[in-house]
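First comes the structure, then the notes that go with it.
The values are calculated or read from the model by the stated rules, or taken from the named source; none is laboratory data. Please read these numbers as outputs of a predicted model, since none were measured by experiment. Here the Cβ positions follow ideal geometry from the backbone for every residue, glycine too, while neighbour counts run over all protein chains shown. Accessible surface is based on the protein model in full, side chains and every heavy atom, while ligands, DNA and RNA are left aside. Shrake-Rupley method; radii C 1.70, N 1.55, O 1.52, S 1.80 Å.
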Amino acid sequence: METKKNVVVLGAGYGGITAALRLARLFHKHPEYQIHLIDKNPYHTLKTQLHEAAVRKTEISIPIDRIIQRRNIIFHLGEVTRIDPREHIVHGESGSLPFHFLIIAIGSQVNFYNIPGLQKNSLPLQTIKDARMIYDSIGLLCMRAASEPVEERRRDMLRFVIGGGGLSGVEFAAELADHAMQCTRDSHVNPHEIEIIIVESGSQVVSKMDESFAAHVHKKLLGKGVKIIPNSKIIARTPDTATLSSGEVLKTKALIWTGGIRISELARESGLKTGQSGRIIVDEYLRTDGYPFIYAIGDSALAINPYTKETVPAAAQFALQQGRLVAHNIYADMIEGSREPYHPKVLGEVVSLGRHLAVGWLALPFLKKITFVGFLGNLLKTAIQEKHIFHLRKESGKWITS
């Protein structure tokens, strides 16, 4: 009996799930090839909506078995412990799996930067489990504040500090500002005692975005009552305080950390070449240096924009593009066709600023773009989220139902 040729995808995030589904579609007339998908969770997380789950307990996961049903994909639940690129083997908790081609799409982890007390006394926002913990903590603090007779202690309980004014921190802060009204209504606390503070190391929030765009976001946050402390870092954390680089000490029971990510050590420990922030060095086709049968995408890859020569940001829209591209390139390598180089397309950016508000822009032909503010921005955000679900349904060949 002839052994099947395995194409293995590590990670079921935006890039990984897209690559696995596209591979299954491309190879559907070639039963000698088998697609394998490995992830430590049995679901695909809509990470761009984590802030919603942390505040409103929105459902943002889709079971993987529902997505890959009727596709030539074998799913393995568990964590990969080592990659042997020379022997073409992936080692995991439940055994080993040989591969002809490998796609590394394992995403990123929280980076606490060794700040004293931060990991122990803060709530990160990186996974569904994190979001659920934050949701429970918000509700608990609101209930405790309602029965606390001393105003100063109530204010400390209701002071929420967000470490990091990037996209995740801003979207969470805005969502929380909207939720504060529910907190006051359900727990009967004074709305004027709730304080939401973003601590940002740069001069502005969402610093990687256009200045005028960031200014729109800043203005909307202030309008929601969110306080922003720029040019400052959290340098120490206790269960009750956050010390800033300016020397200011904020009293808070809840510090939500969105201030940075790091890449898994798996690639480096397996002998793959890594660069900035531990991301895997790849060529113009997203192949790893020295191993043309191993591809890396998403947060895992140190992909370079050939036009700007800058590193492609870790964002969902780029991971999706990369997932489709590497599936095409692997099919080209194994069956027919020619590989295509990676040219990132910036389709637009949207920042959610609460349940019914967003700021965003959409790319148009001839290097033009249109900006959306307010309700129209929120419609754009919803459309982008729904587009991803639509593509999952299209690639899986069935409609996903909850």
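Condition first: touching a residue at least 24 places away in the same chain (Cβ under 8 Å), hydrophobic (A, V, I, L, M, F, W, C) and on the phi > 0 side of the Ramachandran plot. Can you find one or more residues in region 279-290 that meet it?
yes
Go through the residues of region 318-339 one by one and say whether even a single one is open to solvent by less than 60 Å² (accessible area, probe 1.4 Å), in contact with an Asp or Glu (Cβ under 6 Å, 6 or more places away or on another chain) and part of a loop (DSSP other than H, G, I, E, B).
no
Would you check if there is a residue in region 260-283 being within 28 Å of Gly166 (Cα to Cα), among the basic types (Lys, Arg) and part of a strand (DSSP E or B)?
The answer is yes; a qualifying residue exists.
For region 330-360, what are the residues that are over 24 Å from Val312 (Cβ atoms) and under 21 Å from the mean Cα position of the chain (by Cα)?
Leu353, Gly354, Arg355, Leu357
Given the options Ile294, Ile261, Ile330, name the one that is of a type in the set (A, V, I, L, M, F, W, C), under 30 Å from Thr81 (Cβ atoms) and modelled with pLDDT under 95.
Working: Ile294 fails: modelled with pLDDT under 95; Ile330 fails: modelled with pLDDT under 95.
Testing whether each residue is of a type in the set (A, V, I, L, M, F, W, C), under 30 Å from Thr81 (Cβ atoms) and modelled with pLDDT under 95 leaves just Ile261.
For Asn111, are the conditions met, namely being touching a strand residue (DSSP E or B) at 6+ places or on another chain (Cβ under 9 Å) and within 14 Å of Ala20 (Cβ to Cβ)? Lay out the reasoning, then the answer.
Values: touching a strand residue (DSSP E or B) at 6+ places or on another chain (Cβ under 9 Å): yes; within 14 Å of Ala20 (Cβ to Cβ): no.
Answer is no for this residue.
Are there any pairs, at least 6 apart or on different chains, whose C-beta atoms fall under 9 Å, with the first in region 245-273 and free of Cβ contacts under 8 Å to residues at least 60 places away in the same chain and the second open to solvent by less than 20 Å² (accessible area, probe 1.4 Å) and in a loop (DSSP other than H, G, I, E, B), and if so, which?
Ser245/Ser232; Ser246/Ser232; Glu248/Ser232
If Lys273 passes every condition in (1) under 21 Å from Ile304 (Cα atoms); (2) out of contact with any strand residue (DSSP E or B) (no Cβ under 6 Å at 6 or more places or on another chain); (3) loosely packed, with under 15 Cβ neighbours inside 10 Å but one, which one does it miss?
Evaluating Lys273 over (1) under 21 Å from Ile304 (Cα atoms); (2) out of contact with any strand residue (DSSP E or B) (no Cβ under 6 Å at 6 or more places or on another chain); (3) loosely packed, with under 15 Cβ neighbours inside 10 Å leaves (2) as the failure.
For Ile228, all conditions in the list (1) in contact with a His (Cβ under 9 Å, 6 or more places away or on another chain); (2) outside any strand (DSSP E or B) hold save one; what is the number of the exception?
Only one criterion is unmet by Ile228, namely (2).
Could you grab me the full set of residues in region 260-270 that are in contact with a Gly (Cβ under 9 Å, 6 or more places away or on another chain) and open to solvent by less than 30 Å² (accessible area, probe 1.4 Å)? First the steps, then the outcome.
Going through region 260-270, the residues in contact with a Gly (Cβ under 9 Å, 6 or more places away or on another chain) turn out to be 260-265, 267-268.
Residues satisfying the conditions are Gly260, Ile263, Ser264, Ala267.
Taking region 146-198, which residues are outside any helix (DSSP H, G or I), open to solvent by 20 Å² or more (accessible area, probe 1.4 Å), hydrophobic (A, V, I, L, M, F, W, C) and farther than 13 Å from Val226 by Cα? Lay out the reasoning, then the answer.
The first filter runs over region 146-198 and keeps only residues outside any helix (DSSP H, G or I), leaving 147-150, 158-166, 188-190, 194-198.
Pick out the ones that are also open to solvent by 20 Å² or more (accessible area, probe 1.4 Å) and you get 147-150, 159, 166, 188, 190, 194-195.
Still in the running and hydrophobic (A, V, I, L, M, F, W, C): 150, 194.
Val150, the sole residue that qualifies.
Quick one: which residue in Lys309, Lys387, Lys369 is basic (Lys, Arg), over 19 Å from Lys208 (Cβ atoms) and either open to solvent by 40 Å² or more (accessible area, probe 1.4 Å) or part of a loop (DSSP other than H, G, I, E, B) (or both)? Quick ask: steps written out before the conclusion?
Details: Lys309 fails: over 19 Å from Lys208 (Cβ atoms); Lys369 fails: over 19 Å from Lys208 (Cβ atoms).
Exactly one of Lys309, Lys387, Lys369 is basic (Lys, Arg), over 19 Å from Lys208 (Cβ atoms) and either open to solvent by 40 Å² or more (accessible area, probe 1.4 Å) or part of a loop (DSSP other than H, G, I, E, B) (or both), namely Lys387.
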